[in-house]
1. Have a look at GLY482, TRP218, ILE178 and report the one farthest towards the positive end of the charge dipole of the chain, computed about the Cα centre with Cβ charges (Lys/Arg +1, Asp/Glu -1).
2. What is the chain's relative contact order, in percent, from Cα pairs under 8 angstrom and six or more apart in sequence?
3. Residue-wise, which Karplus ³J(HN,Hα) couplings in Hz belong to the stretch 279-289, taking 6.51 cos²θ - 1.76 cosθ + 1.60, θ = phi - 60°, and x for glycine or proline?
4. I'd like the distance separating the alpha-carbon centroids of the stretch 609-644 and the stretch 31-61, in whole Å.
5. Which whole-angstrom value gives the distance between the alpha carbon centres of the stretch 513-541 and the stretch 226-253?
6. Rounded to the nearest 20 Debye, what is the dipole magnitude of the chain about its Cα centre when Lys and Arg each give +1 and Asp and Glu each give -1 at the C-beta?
7. Can I get the semi-axes of the chain's equivalent ellipsoid? Compute them from the C-alpha gyration tensor as square roots of 5 times the eigenvalues, in angstrom, largest first.
8. Say the dipole of the stretch 30-149 comes from +1 at the beta carbon of Lys and Arg and -1 at that of Asp and Glu; which of PHE76, PHE137, ILE100 then lies farthest toward its positive end?
Amino acid sequence: MARKYIIKRDESGLPERLTRYRNELNEEQFRVVTAKPNATLVVAGAGTGKTRTITYRVAYLIEQGISPQRILLATFTNRAAREMLKRVELLTGSQNVHRIWGGTFHRIANLILRKHAASIGFDSNYSILDAEDSRDFLSVCVDEAGIDTKAKRFPKPQVLQDIVSYANNTDKPIEDVIIEKYPYFEPLTQQIKRIDSIYIKRKKERNLMDYDDLLLNWKRLLIEKSEIANLYAEQFEHILVDEYQDTNKLQAEIIDILAVKHRNVMVVGDDAQSIFAWRGAEFTNIYEFPKRYAECTIYKLETNYRSTPEILDLANVSIANNRKQFPKVLQAVKKSKGFTPALIPCSDVEQQSVFIASRILELRDEGINLEEIAVLYRSHYHSLELQLELTRRNIPYRIQSGVRFFEQAHIKDVISYLRIIVNPKDELAWKRILKMIPSVGNATANRIYESLAVSENPFALVKKEDFACKPRSAQSWQNFVGLLEILVSDANRNNPAKQIELILTNGYEQHLQETYENAEARTEDLKQLALYAQKYDSTEDFLSELALISTERFGSPQAIVGEDVVQGGEEDELLTLTSVHQAKGLEWKVVFIIWAAEGKFPSPRALKEIDSEEEERRLWYVALTRAQDELYLTYPLMITDYSRQTVLQKPSRFVMECPPALFEIWSLEDDAPQFDAPVLIGEKKQDFIN
């Protein structure tokens with residue numbers, strides 16, 4: 001017998017619960033929450049209450065009589081799902097909210113595969129390999145393949161893992177991934193494919209799945225076993241996907257398969273914040289959703305609760321330059337605070353750092369907590385000089401989801417070479433660089449250093465043909481000794497910039513390519529470090545300043561080469577330094593975007609790919625929309641490039657394409673030099689774009 005529902009209504013005739021929703025949601029959100037069952041695309045602009053809208057939508061479905069177990073809610077973190085469902089429980093009072101299928105794609109995949117693993121040849125008690133387990137397992141597969149990684153240059157397990165994972169999530173052949181992202185490994189394509197085959201076979205034999213397998217096998221289950229696919233297509237009457245702009249091809253295909261019966265799939269995201277193509281996110285998933293679901297209804301959330309009208313005016317105009325997008329105009333709820341986004345040209349990178357540090361101290365005096373201020377940058381190395389200046393000023397800071405510039409492994413590696421040049425008895429530095437030689441592990445490094453420690457001239461000892469402790473790999477040792485000889489030569493001994501370049505070009509760049517999936521970015525870091533080192537007349541002076549800064553901050557000069565990474569300080573409040581990618585989803589009262597210069601933002605490296613300029617502009621848009629009240633854009637007018645030439649900097653194309661009236665131009669010095677190029681000199685000079 002059909003159940004009867006008694007629905008209380010208010011004076012306006014609306015159901016009582018809907019009246020509450022209308023009072024707690026704006027009109028845009030209310031329309032989404034109460035939308036009729038259908039394929040639905042919700043284009044949710046930055047700061048428009050996306051999470052709140054999804055949460056109320058789930059609550060609304062339950063109150064409409066939809067059984068919780070017939071709702072699938074896919075999020076990008078399990079924490080987000082837990083928080084949403086906890087709020088749903090408070091809204092509805094339902095005791096069955098826990099029956100909703102909520103969580104990340106991987107969590108939901110695991111729940112389903114535990115029930116049906118036998119259908120695709122696995123036992124239900126399969127083990128899941130985490131990232132570290134996967135790398136270790138790939139090492140075993142390399143050994144089984146009989147590849148002598150010491151005889152020829154070969155990618156480390158971390159790089160192999162990235163190649164295989166990217167291929168899985170983008171549905172691209174491994175050979176295409178290698179050509180696209182790792183062209184220097186193209187001659188090894190067949191060996192890499194063979195390792196992947198062994199990896200797949202061994203996992204199956206040992207009842208193992210890695211994170212990618214959870215999605216691959218979920219999709220395989222749905223494609224190969226129609227009865228199981230039909231079961232879940234029937235069960236999931238309503239499917240909701242958060243952050244849809246960040247899904248990859250595999251995830252989108254799984255959702256399409258599950259939605260084939262009811263087609264009540266609501267995807268929520270912002271095409272203007274799709275910024276993760278480099279790790280497999282597929283922009284076309286959200287952009288072409290109306291093509292895959294021709295019947296879909298499109299809703300837009302454009303009421304912004306985060307930023308001032310002036311900040312949103314700049315963001316709206318900037319993103320409007322993208323061709324591929326769902327046009328929208330963010331409208332501010334906040335009233336104007338009388339602050340126009342400031343554009344600050346600086347004479348050089350040092351002045352940029354000094355200005356930012358000084359302005360942060362002024363803001364602190366004005367009552368703005370450091371926790372409410374962030375400095376954003378396109379690439380990690382852009383923060384090098386600023387980190388040093390903040391340390392000199394004793395301004396405490398954190399690196400959001402990362403490590404400080406000088407704590408990164410590749411920076412410590414190179415600095416260790418320089419340390420042994422200045423102090424040939426530096427034990428930590430010697431052991432660090434020795435362990436980078438192929439076939440040298442802890443035991444061999446310790447044995448070699450024991451001999452060097454008692455030698456009056458360690459450099460002379462390592463060059464001896466009859467040096468008893470040298471490792472078995474003769475060629476690698478000769479290359480190492482040859483590099484040391486170049487570094488300590490009279491021409492290079494007191495030239496830290498040249499020494500860093502030599503280390504990079506004499507094997508270390510190859511080491512980066514073999515070891516790290518982001519080798520190109522790490523190479524950029526080291527080139528920037530070499531540029532910074534040009535101002536020092538000796539390697540000793542260069543290292544002394546780094547050591548003193550490290551001591552001031554961490555209490556120990558060993559922080560630069562030590563094996564332990566020191567995170568943050570003991571201060572109650574910390575300034576945030578972060579890449580724009582890591583800043584997505586966050587917000588601060590005051591935001592500085594540094595190096596807003598052509599050739600820096602957008603990244604020339606990123607512009608090599610099709611449609612990459614539009615992704616870089618989306619990244620710029622994300623940066624702009626992190627700011628609540630005040631936004632500062634800075635760039636140096638002059639820099640020294642890698643060939644030691646002075647170069648005039650132009651503002652970023654993303655600055656130049658916006659009307660000057662959207663900025664207030666700040667002049668840091670009245671006697672700044674004048675240039676014919678379109679630079680910004682002089683207070684509120686606004687003809688730089690005309």
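1. Final value for the positive-end residue is TRP218.
2. 16
3. Values, residue by residue: 10, x, 4, 10, 4, 5, 4, 7, 5, 9, 4 Hz.
4. So the separation of the two Cα centres works out to 31 Å.
5. 45
6. Taking the Cα centre of the chain as origin, the dipole is about 2620 debye.
7. Details: eigenvalues 454, 265, 87 Å².
Here the semi-axes work out to 48, 36, 21 Å.
8. So the residue we want is ILE100.
The values are calculated or read from the model by the stated rules, or taken from the named source; none is laboratory data. Note that the coordinates shown come from a computational prediction; the quantities given were computed from them, not determined experimentally. For neighbour counting, all protein chains shown are included, and Cβ atoms are generated from backbone atoms with ideal geometry for every residue, glycine included. Please note that ligands, DNA and RNA were not included when accessible areas were found on the heavy atoms of the full protein model with its side chains. Shrake-Rupley method; radii C 1.70, N 1.55, O 1.52, S 1.80 Å.
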